[in-house]
Each structure stands twice: as structure tokens, then as C-alpha cells.
1. Going through segment 54-76 one residue at a time, which ones are of a type in the set (S, T, N, Q) and loosely packed, with under 15 Cβ neighbours inside 10 Å?
2. For segment 25-32, state whether one or more residues are farther than 27 Å from GLU175 by Cα and either in a loop (DSSP other than H, G, I, E, B) or more than 16 Å from the chain's Cα centre (by Cα) (or both).
3. Might you let me know whether segment 120-143 holds any residue that is at pLDDT 55 or above, open to solvent by 30 Å² or more (accessible area, probe 1.4 Å) and either assigned to a helix (DSSP H, G or I) or closer than 28 Å to VAL204 by Cβ (or both)?
4. Would you point out which residue out of HIS117, HIS94 is at pLDDT below 90, open to solvent by 30 Å² or more (accessible area, probe 1.4 Å) and farther than 16 Å from SER176 by Cα?
5. Of all residues being open to solvent by less than 80 Å² (accessible area, probe 1.4 Å), in a helix (DSSP H, G or I) and of a type outside the set (Gly, Ala, Ser) in segment 190-204, which is modelled with the lowest pLDDT? Just the residue, please.
6. Determine, yes or no, whether VAL22 is surrounded by 15 or more Cβ atoms within 10 Å (Cβ to Cβ) and assigned to a loop (DSSP other than H, G, I, E, B).
7. Could we say that ILE219 is within 27 Å of GLU167 (Cα to Cα) and buried (at least 20 other Cβ atoms within 10 Å of the Cβ) here?
Amino acid sequence: MVRVELGRVVMRRMEEDDVEVVKALIKEGCEGTENRLILHILTRPLCLFMLAVLSSLLRCLVHSFILALAIPVFLLTVYLKITTPRSTGVLGSHRPYWDYVGSSHRGTRKDTLPNPHARSSSQSLPTNRSKNKAASKDKDRERSAEKVSPEREQAAGQVWVAECEGEILGCIFKESDQRAGTRRICRLVTGSWYRREGLGRLLVQGLEHRERETGARRIYAHVPYPSKVGEVFFRKLGYQLLGERTGEGEGEEEEEEEEEERELELESPERGFLGHAVTKVFFKDLSDRKVK
């Protein structure tokens, strides 16, 4: 692990020349998530029953109990390997892929999130990055040749990166605003060398502060179903699992239950093979209407 000085971290919008770095970061950070999702689906009762039926049918054709058991599991695993990324897409986004080019920042002024650990209120971007940008001007021009309409940029969502001394250490994805007053975190990734250093908390809290300032009342986070680490992380930040009743009084409990039923219809978890949920939906109220 590498020690990170959180006060020197700048959280800014992803730009076009950051796209490949962010993609590599996501590939590294989400390694193993797909396999855990597949294992989760394979061990569901309905899926186990289906595999048992197929094995019984194959037992009549194959004179080997091991082959009759292994072939259905192997074929279903291959199928899930091919279809799971397409069916889940970016977890929590309800889209088959993420529009990296459309979501990249194009403004001339740097767009940053507040960092409470910063030594001064005015954060400055690292100087190392300007050298890298000068070396990749030609590539930037080629990418910028793709026209991005305001409608596409608005629908693409946003990606925020945590950068320190010219290196991108983590990122957080926010989907485009689908409903007034609500926001959705689709993915949160930190580099493997910089985990447990507070980067994830910094990104989430910075985004919460920004969205609260823009009038958001509630923010959702979609966590891969088998991820216990992600569940514990968001619970520590004050998030609650959608569907859990937390009201203290009877009247308050009934009101929360009705509200959660409405939210469950609008904010449903992602579903994969045989309709099994592959994400858990957590939420946090950004307003102070429940705080007394």
C-alpha cells in the first residue's frame, strides 16, 4: 500500500485524455466482481434446480456422472461470461455501456469537488499533468473530432477522478439525473495500491456535498450483490439498504414503508440471468428533513 496525502488530492471531472486511464483503473478495480456475480447466480436455488434437471437428462446420454454434472455447469458459466457484462452493463446505470466520450468534461474552467483535507480553499491542479497534455495534443485532437451534442453530454452522466501529482488514483461515476431531487452513483473504484487510505470516502463525500448544493434530496448507490466490502463501506457513510425499515415511531415507520414501496418501483436493482438481482441499492437522504 502507498500512503496518500488526502490534502493534495484534487477531485475533478474526467477529460477525454483521461478515458484510457480510467478504463484501465476500472478493469483493475472490478477484477473478480464478474466471477463473484456468476458464482452468486449459479448457487441460487432455481439455478441449482435447473442444473440438476439438465444433469439428469444428460446422465441418460453420457455414461459418466462427473461429465453429466460438469457439462451443464461449464456451458452455463460460459453463457454467463458472455452475457453478464451485457445484461448488467455498468452496475446501476440501466445502460449496456458507459459513454466515456460523452461524459468527459469540455469546459475551459476546471470543475472540481470540495476537499475538506485541502490546506487551502483554492485547489491547484498538479503541474505534471500539463506536461502529459502537451505530449498528447495530437491524440486529443483526434478524439475531439467526434461531435458531442449537449443532449448526449447531459444523458452521458459524469465521471469524477481523484488525482494526485499527475496520477489518477480513483474515480466515481454518477449517472445523468433521471428524477428531480435524486442522484445515482453507478461505480466507485480506487487503485489497488491506494485502498484503505480514505480515497473512496473522499470521492463519495465530495460528490454528496456538490449534489446537496445543487438541490438533491437523496442519493443512491448500486453495489454488486456479493460485495460485502462495498456494503460495509456505504453503511459506514450513513447509507441504508433500500427496503429496510428504520423508523423509530409507528407513524414514522408507516410513512417510511410507503415511501420505500414507491422508491422500489422507481429504483430497482439490476437483474441478470433468471431475474436474479446482481446489485443491492443503498440510499442516503442529503436533506435535513428527517434530522430533528
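The values are calculated or read from the model by the stated rules, or taken from the named source; none is laboratory data. Given the structure is predicted, the values throughout are model-derived calculations rather than measurements. Ideal geometry is used to build each Cβ from the backbone, glycine not excepted, and the neighbour counts take in all protein chains shown. Accessible surface areas use protein heavy atoms only, side chains included; no ligands, DNA or RNA. Shrake-Rupley method; radii C 1.70, N 1.55, O 1.52, S 1.80 Å.
1. Filtering segment 54-76 for residues of a type in the set (S, T, N, Q) gives 55-56, 64.
SER56, SER64 - these are the residues of segment 54-76 that are of a type in the set (S, T, N, Q) and loosely packed, with under 15 Cβ neighbours inside 10 Å.
2. Taking segment 25-32 first, the residues farther than 27 Å from GLU175 by Cα are none.
No; the residues of segment 25-32 include none that is farther than 27 Å from GLU175 by Cα and either in a loop (DSSP other than H, G, I, E, B) or more than 16 Å from the chain's Cα centre (by Cα) (or both).
3. Of all residues in segment 120-143, those at pLDDT 55 or above come to none.
No, segment 120-143 has no match at all.
4. Values: HIS94 fails: farther than 16 Å from SER176 by Cα.
The conditions single out HIS117.
5. Going through the qualifying residues, I end up with TYR194.
6. Details: surrounded by 15 or more Cβ atoms within 10 Å (Cβ to Cβ): yes; assigned to a loop (DSSP other than H, G, I, E, B): no.
Spelling it out, it is not the case that VAL22 is surrounded by 15 or more Cβ atoms within 10 Å (Cβ to Cβ) and assigned to a loop (DSSP other than H, G, I, E, B).
7. Values: within 27 Å of GLU167 (Cα to Cα): no; buried (at least 20 other Cβ atoms within 10 Å of the Cβ): yes.
Taking the combined requirement at face value, the residue does not satisfy it.
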